[in-house]
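Undergrad: Mind looking over this structure? Questions follow.
The values are calculated or read from the model by the stated rules, or taken from the named source; none is laboratory data. All values derive from a computational prediction rather than experimental measurement. With ideal geometry, Cβ positions are generated from the backbone for all residues, glycine too; neighbour counts draw on all protein chains shown. Just the protein is used for accessible areas: all its heavy atoms, side chains included, with ligands, DNA and RNA removed. Shrake-Rupley method; radii C 1.70, N 1.55, O 1.52, S 1.80 Å.
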Amino acid sequence: MFLDKSIFTTVIDSTPLVSIDLLVQNSQGQFLLGLRNNKPAQGFWFVPGGRVLKNEILDDAFTRLGQQELGVTINRSQAACLGPFEHFYTDSVFGDEVSTHYVVLGYKILLDIDLNALPEQQHNQYRWFSRDEMLSRADVHKRSAWYIK
C-alpha cells in the first residue's frame, strides 16, 4: 500500500523503513549502479532497490522491485541474502527537513541486463562498475560499496 505524502512524511520522521537493495552482478563480474534521481542519495551512483510496502510479503516485494527497478521478473530464491544493513540519511524523498532511517535487506543476484531497457523513475543513468571502481569512486555512494566489502 502506498501512502499519501503527509502520512508518509510522518512515517519517515517517526520510524525506520524496511527496504530491499539489489546488488546485481553480470557475467563479467561487474555491478549495476544507477545515478539516483531522488533524495536520499540523490546524485550518487547507487544499487537498485526500494522499500517494502505495508502488508507486502518479502517475496512479493522482491519481485515487485525487480519489475520496477530492473524491468525483469525475478524471485528472491534466485538471490543470495547479504544480510541486514542500516542506512541513515539527513534528508528524505520530500526534502531536507526530515531524516530517513532504513533497515535494508541486501541481496545479490546474477543477471545480464540491457542498460538501455532499464526504467528511469529512480535512476537517470545506469552503468556497470568493477569492484575497484565501486570502492574507489567518490560518486559511488558508500552504502552501495558496503555490499561488496
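Undergrad: Going by amide H atoms built from the backbone, whose H comes under 5 Å of the H on L82, apart from near neighbours?
TA: Here the answer is G106, Y107, K108, since their amide H atoms fall under 5 Å of that of L82.
Undergrad: Which residue fluctuates the most in the chain, going by a Gaussian network model with Cα springs under 10 Å, if the choices are Q25, Q121, Q67?
TA: Top of the fluctuation ranking is Q121.
Undergrad: Just in the stretch 38-72: which trypsin sites (Lys or Arg not before Pro) are loop by DSSP and have at most 15 other Cβ atoms within 10 Å?
TA: K54
Undergrad: By its C-alpha gyration tensor, with a ≥ b ≥ c as the square roots of the eigenvalues, how is the stretch 31-101 shaped: rounded for a/c under 1.5, else prolate for a/b larger than b/c, else oblate?
TA: It is prolate, given that a/c is not under 1.5 and a/b is the larger ratio.
Undergrad: With a 10 Å cut-off between alpha carbons and a GNM built on the chain, which of A117, A80, A41 moves the most?
TA: A117
Undergrad: In addition: Cross-link partners among lysines for K108, C-alpha distance below 20 Å, same-chain residues fewer than 8 apart left out?
TA: The qualifying lysines are K142, K149.
Undergrad: Right, something else. At a probe radius of 1.4 Å, what is the per-residue accessible area of K5, in Å² to the nearest 10?
TA: About 130 Å², rounded to the nearest 10.
Undergrad: Summing -39500 (n - 2.57) over the DSSP H runs of n ≥ 4 in the chain and dividing by its residue number, what mean residue ellipticity at 222 nm do you reach, to the nearest 500 deg cm²/dmol?
TA: -4500 deg cm²/dmol
Undergrad: On a straight-distance basis, which lysines could pair with K54 in a cross-link, Cα separation under 19 angstrom, same-chain partners fewer than 8 positions away excluded?
TA: Hits, sequence-local ones excluded: K5.
Undergrad: Let me check something: with ligands and nucleic acids excluded, how do S27, S99 order by accessible area (1.4 Å probe), largest to smallest?
TA: Ranked list, largest accessible area first: S27, S99.
Undergrad: Taking amide H positions as placed 1.01 Å from N in the peptide plane, with prolines and chain starts having none, which residues 5 or more places from D91, or on another chain, fall under 5 Å of its amide H?
TA: Those qualifying (amide H under 5 Å, at least 5 residues apart or on another chain) are T100.
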